[in-house]
């Protein structure tokens, strides 16, 4: 089916705010002398002071840090490969933190444990979208989510996905659970994929982007990883996307395997040995 609602799907490549965001980023880059890794060094230094007990906090921190670095690279150059690299590391870090947390490991400081718990809960769906976006759905850490709605959609297990969608509330009013809030927001897109409705998929994705452009919050909507992942999920259902916008970098499509196959989180081999003993 071709696209007929062109007034919706023919988005400007970038919003009117993009130029301002680039100017703000260039000032930020000058202020930090091009060093985007200060927070990564802080997280690693804290880990080295705490020893093996610090893996949970290390990876929960690095997930957010690497997500920010991916956006910085996107603002610096729209199709730089490092966007893919740090998107992958961000997703892997969050999934690793979740595996540690589910083993019963805690930081041991009440307010830090609360921060880590919130970080994992709020970032989990983002991590799943990140792994799909970088074509690393084969990552073994994804075993923690094999029956999650996002992966059910990815693997075309639509009967199971539909059951979950039908159980979601019609409205997000009064809801606080981040996972359900996002799933409710994406319901029309998921149903379009299930129904193999190319026109509706593109229209709903365009509406999502338009809404984000009206309500931009920091850097969070300048690099739309969920949209990248949704396009890849839709492609597996035979649906094409016709949307070309700056928030969806072309570098995410046709990613060579070697882009991420040799990437590894800091101290990951040490972590694997420690985790095997837990």
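Is it the case that the range 92-107 has a residue that's part of a helix (DSSP H, G or I), within 21 Å of residue 224 (Cβ to Cβ), at pLDDT below 90 and within 22 Å of the chain's Cα centre (by Cα)? Walk me through it before giving the result.
First, pick out the residues of the range 92-107 that are part of a helix (DSSP H, G or I): 92-102.
Going one step further and asking which of them are within 21 Å of residue 224 (Cβ to Cβ), we end up with 92-95.
After this cut, where a residue has to be at pLDDT below 90 as well, the list is none.
No; the residues of the range 92-107 include none that is part of a helix (DSSP H, G or I), within 21 Å of residue 224 (Cβ to Cβ), at pLDDT below 90 and within 22 Å of the chain's Cα centre (by Cα).
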Handout entry: Some residue of the range 39-48 being surrounded by fewer than 18 Cβ atoms within 10 Å (Cβ to Cβ) and either touching a strand residue (DSSP E or B) at 6+ places or on another chain (Cβ under 9 Å) or modelled with pLDDT under 90 (or both)
Key = no
Fill in the blank from the handout: All-but-one check, residue 200 against (1) in contact (Cβ under 8 Å) with a residue 24 or more places away in the chain; (2) surrounded by fewer than 20 Cβ atoms within 10 Å (Cβ to Cβ); (3) touching a helix residue (DSSP H, G or I) at 6+ places or on another chain (Cβ under 6 Å); (4) in a helix (DSSP H, G or I), failing number (1)
Handout entry: Scope the range 214-231; condition assigned to a helix (DSSP H, G or I) and within 18 Å of the chain's Cα centre (by Cα); matching residues
Key = 225, 226, 227, 228, 229, 230, 231
Completion exercise
Residues of the range 121-159 being part of a helix (DSSP H, G or I), exposed (fewer than 13 other Cβ atoms within 10 Å of the Cβ) and modelled with pLDDT of 90 or more, in sequence order, are 159
Exercise for the section: Return yes when residue 234 is part of a helix (DSSP H, G or I), within 19 Å of the chain's Cα centre (by Cα), closer than 22 Å to residue 85 by Cβ and touching a residue at least 12 places away in the same chain (Cβ under 8 Å) and no when it is not. Expected result: no
Exercise for the section: Determine which member of the set 276, 227 is modelled with pLDDT of 95 or more and closer than 26 Å to residue 92 by Cβ. Expected result: 227
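For the range 125-138, give me each residue that is farther than 19 Å from residue 253 by Cβ and in contact with a helix residue (DSSP H, G or I) (Cβ under 6 Å, 6 or more places away or on another chain). If you could, list the steps in order and put the result at the bottom.
Within the range 125-138, the first condition is being farther than 19 Å from residue 253 by Cβ, and the residues that meet it are 125-127.
Hits for the range 125-138 are 125, 127.
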Exercise for the section: Report yes if residue 240 is more than 19 Å from the chain's Cα centre (by Cα), in a loop (DSSP other than H, G, I, E, B) and surrounded by fewer than 16 Cβ atoms within 10 Å (Cβ to Cβ), otherwise no. Expected result: yes
Completion exercise
Selection from the range 221-232 of residues surrounded by fewer than 22 Cβ atoms within 10 Å (Cβ to Cβ) and more than 20 Å from residue 15 (Cβ to Cβ) yields 232
Handout entry: Filter pass, residue 48 being part of a helix (DSSP H, G or I) and closer than 26 Å to residue 132 by Cα
Key = no
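The values are calculated or read from the model by the stated rules, or taken from the named source; none is laboratory data. Worth saying up front: this structure is predicted, and the values here are computed from it rather than measured. Methodologically, a virtual Cβ is constructed for each residue, glycine included, from the backbone with ideal geometry; neighbour enumeration extends over all protein chains shown.
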